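Readers should treat all values here as calculations from the given coordinates under stated rules, not as data from a laboratory. Model, not experiment: these values are computed from the prediction. Here the Cβ positions follow ideal geometry from the backbone for every residue, glycine too, while neighbour counts run over all protein chains shown.
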Amino acid sequence: MRAWIKNRNIFIGLSITVALIFIAAFAPQVAPHDPTEINPMVRLQPPSKEYPFGTDHMGRCILSRIVFGSRISLLVGVVVISGSLLIGIVLGTISGYFGGLADDLIMRLVDGFLAIPSMFLALALAGTLGPGMFNLMMALIAVEWTSYARVVRGSILTVKEQEFVEAARGLGASDLYILVHHIMPNILSPIIVIATLGIGYAILAAAGLSFLGFGVQPPTPEWGSMLDDGRLFMRKAPYIMIFPGLAIMITVLAFNFLGDGLRDELDPRFRKEIPH
Amino acid sequence: MLGYIFKRVLLIIPALLFVSMVSFSMAYLAPGDPAEILLMSPEGSPSPEAIDAFRVRMGLDQPIHIQYLRWLEKVLHGDLGYSFISERPVADAITNSFKATLKLSLVSMIVSIVVSIPLGILAAIKHNTMIDDLCRLGALIGVSIPNFWQAFLLILLFSVHLDWLPVAGYGGGDIEHMILPAITLGTSSAAVTTRLMRSSLLEALSQDYIITARAKGLPERIVIGKHAIKNALIPVVTMLGLNLGFLLNGAVVTEWVFGWPGIGDLVVDSIYQRDFTMIQGSILFIAVIFVTLNLLVDISYTYLNPRIRYESVD
């Protein structure tokens, strides 16, 4: 644990993530204004004491919208990764542990999903299912779950042949017991790493789809759709686009820092090969 | 080796069959009746006769599995049907926009190589210094920056403030119109390649033959330039093929923001217009390109790195 704190990437990533969770949890207290309050008197105001990040074309406080937007982005990131993990772990375990026909079928399904570039698949699904946060999350789960299934399957295939698993089986342990007590602890590390990086990716992709108009709908404050709102006022009021974009980048960066740091600490191969 | 390639090629068939089903079902995932939505006009809902006539014309009156098989048969003959909106052949629209995407992707690739290889080498040589830290931070920012936001920052600086480059558009495909989208599109791939070049060179530098070369008294310039970099480039070059996949993903938003008439822009527009034949065709086309690309990368990788040949095909 001490090594984790010493790892600079983990420290930076974790600090920003904790701050973000705090902002999201206490959004009503942190935000200076109501994020959806329309005030035509203060349209397109540049940053000031009253509105630190300025106001948008409807006179809404951009800082407050960003603060509340953190709730949406973190929620989408966590739900997408939890859903993908659930599907990935179940299918990956069946595939890796039991093998045979189930393995073939699941792996062909994974190949099928991976055959379409992820952004195209997510876009086509989110676009045809119709706008909305639920459909957006479904579309992103559809592109994310495959990597978890593959990692889980691959890890199980290597762990399964180890002597301690053979020994447990020899002692009469059931499949479920072996999976839960011997295999799961050993495949936890790679899963934690890709899940952390995955949250960042999901937040980035969700913002992109919302920017295109296929995700979270107005007036809900969402970072990607705030950028879309600002496009028309780019010349007059560039701050409408600058701050939400910065928020997305910092958030994604935090999860990437964290994921990279965790990989250095958890994956012994990386510790040896890539010195820091 | 041949057996591996054969097995690898064979596995493409079920994947593409799955893709064809997914692309085909796009039209049915959408809420509402496509015929009714498409015929909706400012004067109100279309008459039932008009809807029926449209269904028959577009083949929408058949049971779904028949529609799929008919579509698949046509697709296999290279016929992707006609756009619901413009009624021009889908295949033509896709080929035209893919040319634009390919052009932009190649320029992005060049931008990304020119930036990433020297930076990766620099970071590895200056390992554990401030320069290394900056390169790594830059690479991490490169994968974290939203491309639509980066596009906006570039437009704001180079088009609005400095007035050096056009804001958006194709402009006959000249280089001025390509610079900003190419930088936007190339950034994430440059970031990934920088990291790979760095770690690959660091690994190469820790190998025995480098120690031998140094022990022989070869100057550092030759040790790094001739021995280490040459070997370190192998995984980087094979990764460049995979980077084309990255570029395809990035093309969705980048092309749309810059109004670059590529396949990403085509898909976004078709979804806005609910042009289902166009969506089906483009997704299928993109998947075929993507799968072929991955196959070539895999084969070249196997060729360059014999160790992988003994592992199973997964």
How would you rank B:56-69, B:95-108, highest first, on the average number of other Cβ atoms within 10 Å across their residues?
B:95-108, B:56-69
For Cα pairs less than 8 Å apart in space and 6+ apart in sequence, what is the mean separation divided by the residue count of the range A:192-268, i.e. the relative contact order in percent?
39 percent
Considering every pair of different Cα atoms, what Kirkwood radius, in Å, is found for the range B:92-210?
15.8 Å
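Using a ≥ b ≥ c from the Cα gyration tensor of the range B:47-99 (square roots of the eigenvalues), is it rounded, prolate or oblate, where a/c under 1.5 gives rounded and otherwise the larger of a/b and b/c decides, a/b for prolate? It would help to have the intermediate numbers written out before the result.
Details: a/c = 3.90, a/b = 1.44, b/c = 2.71.
It is oblate, given that a/c is not under 1.5 and a/b is not larger than b/c.
If exposed GluC sites (Glu not before Pro) are those in a DSSP loop with at most 13 other Cβ within 10 Å, what is the longest stretch of chain B that has none?
Details: sites that count: B:GLU43, B:GLU87, B:GLU311.
Answer from the scan: B:88-310.
Starting from the Kirkwood Rh over alpha-carbon pairs, what translational D in µm² s⁻¹ does the range B:1-125 have by Stokes-Einstein at 10 °C and 1.306 mPa s?
Values: Rh = 18.9 Å.
My calculation gives 84 µm²/s for D.
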Take the Cα atoms of the range A:170-212, find their three principal axes, and give me the spread along each one in whole Å, biggest first.
57, 15, 9
Mind jotting down the distance between the C-alpha centroids of the range A:185-244 and the range B:61-103, whole Å?
32 Å
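Calculated FRET efficiency, B:GLU87 and B:TYR303, Cβ-Cβ r, R0 60 Å, to nearest 0.05?
Numbers: r = 46 Å, r/R0 = 0.76.
The calculated FRET efficiency here is 0.85.
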Give the calculated FRET efficiency between A:LEU266 and A:ARG43 to the nearest 0.05, with a Förster radius of 30 Å applied to their Cβ-Cβ distance.
0.05
Taking r as the C-beta separation of B:LYS216 and B:ASN96 and R0 as 35 Å, the FRET efficiency to the nearest 0.05 is 0.05
What ranking of B:ILE110, A:ILE10 emerges when the number of other C-beta atoms within 10 Å of each C-beta is taken as an exposure proxy, fewest first?
B:ILE110, A:ILE10
Using just the alpha carbons, could you tell me how many Å³ per residue the convex hull of chain A encloses?
159 Å³
Peptide B:146-155 - average C-beta neighbours from other chains (10 Å radius):
6
Averaged over all directions, how much area does the convex hull of the C-alpha atoms of the range A:209-256 cover when projected, in nm²?
3.5 nm²
Give me the net charge for the shell around A:ARG8: Cβ to Cβ below 12 angstrom, other residues only, Lys and Arg +1, Asp and Glu -1.
-2
Stretch in chain A that is longest and holds no GluC sites (Glu not before Pro) that DSSP places in a loop and that have at most 14 other beta carbons within 10 Å:
A:162-276
If I model the range A:56-198 as equal point scatterers sitting on the Cα atoms and use the Debye formula, what is log10 I(q)/I(0) at q = 0.09, 0.13 Å⁻¹?
-0.38, -0.68
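Would you calculate, for chain B, the mean residue ellipticity at 222 nm contributed by helices, counting each DSSP H stretch of 4 or more residues as -39,500 (n - 2.57) and dividing by all residues, to the nearest 500?
On the way: 13 runs with 225 residues, N = 314.
It lands at -24000 deg cm²/dmol.
Could you line up A:TRP145, B:TRP260, B:TRP164 from fewest to most neighbouring Cβ atoms inside 10 Å?
Numbers: A:TRP145 25, B:TRP260 28, B:TRP164 11.
So the residues, fewest neighbours to most, are B:TRP164, A:TRP145, B:TRP260.
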The range A:58-88 versus the range B:260-305: alpha-carbon centroid distance in Å
29 Å
Between 0 and 90°, nearest 10: helix A:8-25 axis offset from chain A longest Cα axis:
60 degrees
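Please sort A:83-94, B:180-191 by packing, taking for each peptide the average over its residues of neighbouring beta carbons within 10 angstrom, highest first.
On the way: A:83-94: 20.3, B:180-191: 26.5.
For the peptides A:83-94, B:180-191, the packing ranking is B:180-191, A:83-94.
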What is the helix-to-structure angle for B:90-125, meaning the angle in degrees between its Cα long axis and the longest Cα principal axis of chain B, kept from 0 to 90 and rounded to the nearest 10?
20 degrees
Would you list B:ASP208, A:ASP34 from fewest to most Cβ contacts within 10 Å?
B:ASP208, A:ASP34
Working from the pairwise distances between different alpha carbons, so that the mean of 1/r is found and then inverted, what is the range A:1-124's Kirkwood radius in Å?
18.6 Å
Two pseudo-spin positions, 7 Å from Cα along C-beta at A:SER82 and at A:ALA173, lie apart in nanometres by 2.9 nm
Above 34 Å lies some portion of the pair distances; for the protein assembly as shown, what is it as a whole percent of all C-alpha pairs?
47 percent
Over the range B:133-237, what is the mean sequence separation of C-alpha contacts under 8 Å (at least six apart), divided by residue count, expressed as relative contact order in percent?
28 percent
So if I restrict to the alpha-carbon atoms in chain B, what is the Rg, and what is Dmax, the biggest pairwise distance, in Å?
24.3, 88
How much mean residue ellipticity at 222 nm does chain A get from its helices, if each DSSP H run of length 4 or more adds -39500 (n - 2.57) and you divide by all residues, to the nearest 500 deg cm²/dmol?
-23500 deg cm²/dmol
Under a GNM of chain A (C-alpha, springs under 10 Å), which listed residue has the highest mean-square fluctuation: A:PHE11, A:PHE164, A:PHE68?
A:PHE164
Using DSSP to call loops (not H, G, I, E or B), can you name the trypsin sites (Lys or Arg not before Pro) in the range A:5-112 whose Cβ has at most 12 other Cβ atoms within 10 angstrom?
A:LYS49
